[in-house]
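Taken together, the values in this text are just the output of simple stated rules run on the coordinates, not laboratory data. All figures in this text were calculated on a predicted structure; none of them were measured in a lab. Using ideal geometry, Cβ is built from the backbone for each residue, glycine included, and neighbour counts are taken over all protein chains shown.
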Ligand code: SF4
């Protein structure tokens, strides 16, 4: 028994086919997809070995966007890292803010007032909707429907970005949450316009689904492609819609009940097959659940302060210790792990990026598939390079 | 040799269209700038948003994003250029056919931006390739990118086809290939291309 085989036994479910046998006589072809490739969502490289059209090996190459986020954060005060978290997953800056604020709040033992919790939930769910809509748009674009679904997704995204902009001053890099609350209060007018946008969202999801869900080409290209088995997904620490599409019921909003998620009624959509189509479907259903959360949160939002008056925002020195704050970001479990040594800067600052960890399973999903499907499977993981390489 | 503007309008009323070869040529070029489909980081999302329905870059003849550098006229460096990526960017620029233009979009592409202090971030793409338009911002709004397009169009409009100031692609002696930096022990080698970039002089 070779080492590879013992490993396979130990890691139950991690039974990757270590040697794909080439069919016939032909030569193997090695190609580098990326770092400049229209489908790689940024600068990412896959070294693919092909036998004809079939993928025999796939080696992801990371690091083309390594921007020293963690190192810079170790040399800066806690608050100074907040704008950098925007640039991790640049589709979902508000969720990143929340995860980081949560970690620091745990580190210093900081409570968050009611109203701020509601604002956080509202913003995080709006972020989730625009992320899922655009990620589906990109996925369909990679199937060759150039533009159209993405146009629909971005039309809706712009409305949500308008809300972000009028509240935080920036379309994408919101830098909004603070330790112990939020930066500026929402006005009644903002809430009214948010309600208006949310009221229009179900119609958008219906339209999106009418165009896509039963589309024959989409079904033919996506069903049965890139199957991820639940046990393998769990072993590889996959999280987010990718995990739930494989049928594992794990949503940190339900598991941790961070913030005030225990007050809202929502369901966790699960897939059965773990293929690309299920991932698409889970994302669509998650959008609907997010709309439900928004519909509950927007009318309920209480009056009150948005910052804990005792909260220290800058210049504080947490006691030596460590904290891990995690949230269900649109792409999976986003966690920040902080170690404090009593100085104003974190001693260690570590990001647990869902994109990177979900991507480690890419080879297992792609082996034996056609090379054209690699692009699709890769798109269905839904990554953002800023978060993968940090 | 420019034609008098009033005369042109007068002739236009009579149904006579007068122009110079230079104007016609530049008009054609500036009305169909095809950018390369090439995103680096956060700014690329704003670049995509610019091509979408609300901002509609098609109004400027530039909605056709080409995946191949061979078919592109314009490179939008949209995002952080790391030292691992910089050789690729220069290589892609070398592969583009003349006439070619570069827009440095965002603080990162201009100078390294918020990540300037990082050990792996290139402090501005203009160290290796000539940049035509810089747009500041982190990220620049789609309107800013449109402004950059209009600036570039104006620049193309004003390019004379002959004489000293003719553009690079009409000048046989101009530099066509730009040296691709190689990763070395501490930094890229060479750290900059002296032909296109020199360290700014600090006046105190
Ligand atoms: S300038 Fe800002 S938004 Fe643009 S790539 Fe750099 S960090 Fe991202």
Over the stretch A:97-184, the quotient of the Cα radius of gyration and 2.2 N^0.38 Å is 1.31
Roughly what % of Cα-Cα distances in chain A sit above 30 Å, to the whole percent?
41
Rounding to the nearest 10 and keeping the result within 0 to 90°, find how far the Cα-based axis of helix B:42-51 lies from the longest principal axis of chain B.
20
Would you mind calculating the relative contact order of chain A from Cα pairs under 8 angstrom and at least 6 residues apart, reporting the percent as a whole number?
26
Which of B:170, B:57, B:40 moves most in a GNM of chain B, Cα contacts under 10 Å?
B:170
Share of antiparallel DSSP beta bridges in the protein assembly as shown, in percent to the nearest 5?
75
What does the structure give for A:144-150 when I average, per residue, the other chain Cβ atoms found within 10 Å of the residue Cβ?
1
Which whole number gives the average, over all residues in B:106-115, of C-beta atoms from other chains lying within 10 Å of the residue C-beta?
2
Between residue A:29 and residue A:263, how high is the FRET efficiency from 1/(1 + (r/R0)^6) when r is the Cβ-Cβ distance and R₀ = 56 Å? Nearest 0.05.
0.50
For A:78, A:349, B:25, what's the fewest-to-most ordering of other Cβ within 10 Å of each Cβ?
B:25, A:349, A:78
What do you get when you divide the Cα radius of gyration of chain B by 2.2 N^0.38 Å, with N the number of residues?
1.14
For chain A, the longest principal axis of the Cα atoms and the Cα long axis of helix A:93-108 enclose an angle in degrees, to the nearest 10, of 60
If you wrap the stretch B:153-204's Cα atoms in a convex hull and average its projection over all directions, what's the area in nm²?
6.6
Two decimals is fine: what's Rg over Rh for the stretch B:36-157, C-alpha atoms, Kirkwood radius as Rh?
0.94
Just from its helices, what would the mean residue ellipticity at 222 nm be for chain A, if runs of 4 or more DSSP H residues each count -39500 (n - 2.57) and the sum is divided by every residue, rounded to the nearest 500 deg cm²/dmol?
-14500 deg cm²/dmol
Ranked output for segments B:147-160, B:6-19 by mean other Cβ atoms within 10 Å, highest leading, reads B:147-160, B:6-19
Could you list B:45, A:72, A:31, A:313 so that the one with the fewest beta carbons within 10 Å of its beta carbon is first and the one with the most is last?
A:31, A:313, A:72, B:45
Averaged over all directions, how much area does the convex hull of the C-alpha atoms of the stretch B:117-204 cover when projected, in nm²?
8.8
Within a 10 angstrom radius of each residue's Cβ in B:44-56, how many Cβ atoms of other chains show up on average? Whole number is fine.
5
By Cβ neighbour count within 10 Å, fewest first, A:348, A:67 rank A:348, A:67
Quick one: work out the % antiparallel among DSSP beta bridges in the stretch B:36-157, nearest 5.
10
Using 5 Å bins from zero, what percent of all Cα-Cα pairs in the stretch A:246-372 falls into each bin?
2, 8, 12, 16, 16, 15, 12, 10, 6, 3, 1, 0
Return the calculated 222 nm mean residue ellipticity for chain B, to the nearest 500 deg cm²/dmol, obtained by summing -39500 (n - 2.57) across DSSP H runs with n ≥ 4 and dividing by the residue count.
-9000 deg cm²/dmol
If you count the DSSP beta bridges with both ends in chain B, what percent of them are antiparallel, to the nearest 5?
25
Name the residue, out of A:286, A:74, A:328, whose mean-square fluctuation peaks in a Gaussian network model built on chain A with Cα pairs under 10 Å.
A:74
